[in-house]
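One structure below.
The values are calculated or read from the model by the stated rules, or taken from the named source; none is laboratory data. Everything quoted here is computed from the prediction, not taken from an experiment. Reconstructed Cβ throughout: ideal geometry from the backbone, glycine too, with neighbour counts over all protein chains shown. The accessibility values were calculated without ligands, DNA or RNA, using every heavy atom of the protein model including side chains. Shrake-Rupley method; radii C 1.70, N 1.55, O 1.52, S 1.80 Å.
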Amino acid sequence: MKKVERNELLGLAEYEQIRPQFLARIVGEKKVRRVLAGDEISLVFESHDTALFQIQEMLRTERITKEAAIQHEIETYNELVPGDAELSATMFVEIADAATRERRLVELAGLESKIALEVLGTKIAGRNETRGVLPDRTTAVHYVRFSLGKDLAAQLVARANAAEGAMFFLLEHPKLTLRKEIPAPTVRSLASDLAE
């Protein structure tokens, strides 16, 4: 998948002009690409467009106009864009109560190494891309990549129209086990990414 390039970014004034339409489109895409995997876990599969949106929003929110700072945002968010025959996701541990969340983050230490996808019956271990992993706790946000390989990616693209049961999200931690089917519209969206 193509990384975000500098020439795609709009200046702050230009972005304000198109922001409502762009925001509506990205929110619609994220709805399809967001999976509630359990009571405490959700994930959003990333793409070129989700990264572009994050960069534009950071530039807008922080009023970033210096070229070095813009390049830093591009480099940071391009890390979310999946490579060839790869999927990437941002996974969230979502617990509203602060005390409960802190307790669970300690209980779920090592969670980042227990994430996988099952794609057409093949288990693909997630590769943790989260910085600052601690041995005695996990974090509330995880960046994960899944390398499918060209053959499996091609098989998923070919099966996109019959996506039921094609993909599952797996979490196999002693304190939290999940196996959640990825909905067919999400699988079709991801297959479209892989076909690029």
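How many Lys pairs in the chain lie less than 16 angstrom apart by Cα atoms, where the lysines are 8 or more positions apart or on different chains?
Final tally of qualifying lysine pairs is 5.
Given the Cα-Cα distance of ASN161 and GLU129 and 0.36 nm per residue of separation, how much length would full extension add, in nm? Display every interim value, and only then the final one.
Numbers: separation 32, 0.36 × 32 = 11.52 nm, distance 3.05 nm.
So the chain would gain 8.5 nm between ASN161 and GLU129.
Going highest first, how would you order 121-127, 61-67, 24-30 by mean Cβ packing within 10 Å?
Values: 121-127: 15.4, 61-67: 9.7, 24-30: 13.6.
So the order, starting with the most tightly packed, is 121-127, 24-30, 61-67.
Using bins 10 angstrom wide from zero, how does P(r) for region 1-82 break down, in % of all Cα pairs?
Final binned percentages: 17, 47, 29, 7, 0.
Over the alpha carbons of the chain, what is the largest minus smallest coordinate on each principal axis, giving the biggest first in Å?
Projected onto its principal axes, the Cα set of the chain covers 49, 45, 25 Å.
Once the dipole of the chain is set up with Lys and Arg at +1 and Asp and Glu at -1 on Cβ about the Cα centre, which of LEU111, ALA166, GLN17 lies farthest towards its positive end?
ALA166
Given the Cα-Cα distance of GLU5 and LYS150 and 0.36 nm per residue of separation, how much length would full extension add, in nm? Please report the intermediate quantities before stating the final value.
Working: separation 145, 0.36 × 145 = 52.20 nm, distance 2.47 nm.
This chain segment gains 49.7 nm when fully extended.
Magnitude of the Cβ-charge dipole of region 100-196, K/R +1 and D/E -1, about the Cα centre, nearest 20 debye?
On the way: 15 positive and 12 negative charges, 47 e Å.
Approximately 220 debye in magnitude.
Give, rounded to the nearest 20 debye, the magnitude of the charge dipole that region 1-46 has about its Cα centre when Lys and Arg contribute +1 at Cβ and Asp and Glu contribute -1 at Cβ.
Here region 1-46 has a charge dipole of around 160 debye.
With a bin width of 10 angstrom, please list the P(r) values of region 81-168 as percents of all Cα-Cα pairs, from the 0 bin to the one holding the largest distance.
The distribution over region 81-168 is 16, 40, 27, 15, 2, given as percents.
Could you check how much of the accessible area of region 49-196 is carbon and sulfur, as a whole percent, using a 1.4 Å probe?
Values: 3740 of 7360 Å².
C and S atoms contribute 51 percent here.
When the chain is fully extended, how far beyond the present Cα-Cα distance does LYS31 get from ARG179, taking 0.36 nm per residue of separation? Mind showing how you got there, number by number?
Values: separation 148, 0.36 × 148 = 53.28 nm, distance 2.00 nm.
That pair, LYS31 and ARG179, stretches by 51.3 nm at full extension.
With a point put 7 Å past each Cα toward its Cβ, work out how far GLU16 is from ALA99 in nm, to one decimal.
4.5
Specify the inter-centroid distance of region 25-72 and region 110-155, based on alpha-carbon positions, in whole Å.
The distance from the Cα centre of region 25-72 to that of region 110-155 comes to 19 Å.
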